[in-house]
Amino acid sequence: MEILEIAGKKFNSRLMTGTGKYRDFETMRQAIAASGSEIVTVAVRRVQANVQGHGGLGEALDWQKYWLLPNTAGCATADEAVRVARLGREMAKILGQEDNNFIKLEVIPDPKYLLPDPIGTYRAAEQLVKEGFAVLPYINADPMLAKALEEIGCVTVMPLASPIGSGQGLKNTANIAIIIEQSKVPVVVDAGIGVPSEAAQAMELGADALLINTAIAQAIDPVVMAKAMGMATLAGRMAYLAGRIPIKEYASPSSPIAGKIS
């Protein structure tokens, strides 16, 4: 399978995983390993504030094995997100990743639906790109915004499939397909995927990667679900590269009619 490349960094896995909502660190470690993921995202503010379930997170994983993707979860404004991104870069250095400028940018002022603020996201991205960050912005599935963020230098775009943690699956398929068609940077479908079939569907659309957290962490068996999500991500990518048959309105026999015994 071909390599995923983001900001010059190469990865074998196309599934990114998160670290929130697990019942304990051991389950988290086993699930991330089972998924095959190489990029793991961590909420900077929650680690800094020692929020329950996040204290000690920096030491809970082997950061020689995984690439840290700090995220600005919990930030409601562009200014907040920029400040937290700077802390995230320092956190990466402390964990031994001196060359890690990656940041998953989230600007979310909406506490009910947790939908990202497009204006705040754009403003924060613009500033962070100027400061040398490799910005991976979490956005609504808005093709115009995705293109604008690409043009200012973001290294991916990350459209949501449906609201964070909702498990609703792909509710924005048409717009995500447009984003994939138009983008020259990797498209990472993020948020809302609930089961492996939805992960495969997103990859079959042509997404370059997925980010999945809640569907794994809150499954009855997170480790088995993580493995299933990794397999679905790979299967979906292979199916996209193989190319599906055209959809027809009528049947077509698997065996030719010519030459049949009469």
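FYI, it's all coordinate maths here, none of it is from the lab. Everything numeric in this text was worked out from a predicted model, so none of it was measured. With ideal geometry, Cβ positions are generated from the backbone for all residues, glycine too; neighbour counts draw on all protein chains shown.
What is the gain in length, in nm to one decimal, between Ile3 and Lys171 on full extension, counting 0.36 nm per residue of separation less the C-alpha to C-alpha distance?
Full-extension gain reported as 57.7 nm.
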Compare the peptides 35-45, 61-71 by average per-residue count of other Cβ atoms within 10 angstrom and give them in order, highest first.
35-45, 61-71
Taking the Cα atoms only, what angle lies between the long axis of helix 173-182 and the longest principal axis of the chain, rounded to 10 degrees?
80
Under 5 Å between amide hydrogens, which residues at least 5 positions from Leu69 or on another chain qualify, with H placed 1.01 Å from N in the peptide plane?
Val40, Thr41, Val42
Let me spell out the model: positive unit charges on the Cβ of Lys and Arg, negative unit charges on the Cβ of Asp and Glu, origin at the Cα centre of the chain. What dipole size does that give, in debye rounded to 20?
360
By average Cβ neighbour count within 10 Å, what is the ranking of 175-181, 189-195 from highest down?
189-195, 175-181
Any idea how far apart Thr77 and Gln218 come out in nm if each label point goes 7 Å out from Cα toward Cβ?
3.0
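Please compute the length gained on full extension between Val195 and Asp24, using 0.36 nm multiplied by the number of residues separating them and subtracting their Cα-Cα distance.
Details: separation 171, 0.36 × 171 = 61.56 nm, distance 2.16 nm.
Between Val195 and Asp24, full extension yields 59.4 nm more.
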Using +1 at the Cβ of each Lys and Arg and -1 at the Cβ of each Asp and Glu in the chain, identify which of Leu105, Ile178, Val129 lies farthest towards the dipole's positive end.
Ile178
For the pairs Lys93/Lys184; Lys10/Lys93; Lys112/Lys147; Lys9/Lys130; Lys112/Lys171; Lys9/Lys104, note any where the Cα-Cα span goes beyond 25 Å.
Lys93/Lys184; Lys112/Lys147
Going highest first, how would you order 200-208, 101-109, 138-146 by mean Cβ packing within 10 Å?
101-109, 200-208, 138-146
In degrees rounded to 10, the 0-90 angle between helix 118-130 Cα long axis and the longest Cα principal axis of the chain is 70
Could you state the angle between the C-alpha long axis of helix 222-242 and the longest principal axis of the C-alpha atoms of the chain, as a value from 0 to 90 degrees rounded to the nearest 10?
50
Please compute the contact order of the chain in relative form: average sequence separation of alpha-carbon pairs under 8 Å and at least six residues apart, divided by the residue count, as a percent.
18
Under 10 Å, Cα contacts only: if you run a Gaussian network model on the chain, which one of Pro163, Pro222, Pro246 comes out with the highest mean-square fluctuation?
Pro246
With Cα Rg over 2.2 N^0.38 Å defined as stated, name the option among (1) 1.06; (2) 1.01; (3) 2.88 computed from the structure displayed.
(1)
Options Ile119, Ala251, Pro159, ranked by Cα towards positive dipole end of the chain, top entry (Cβ charges):
Ala251
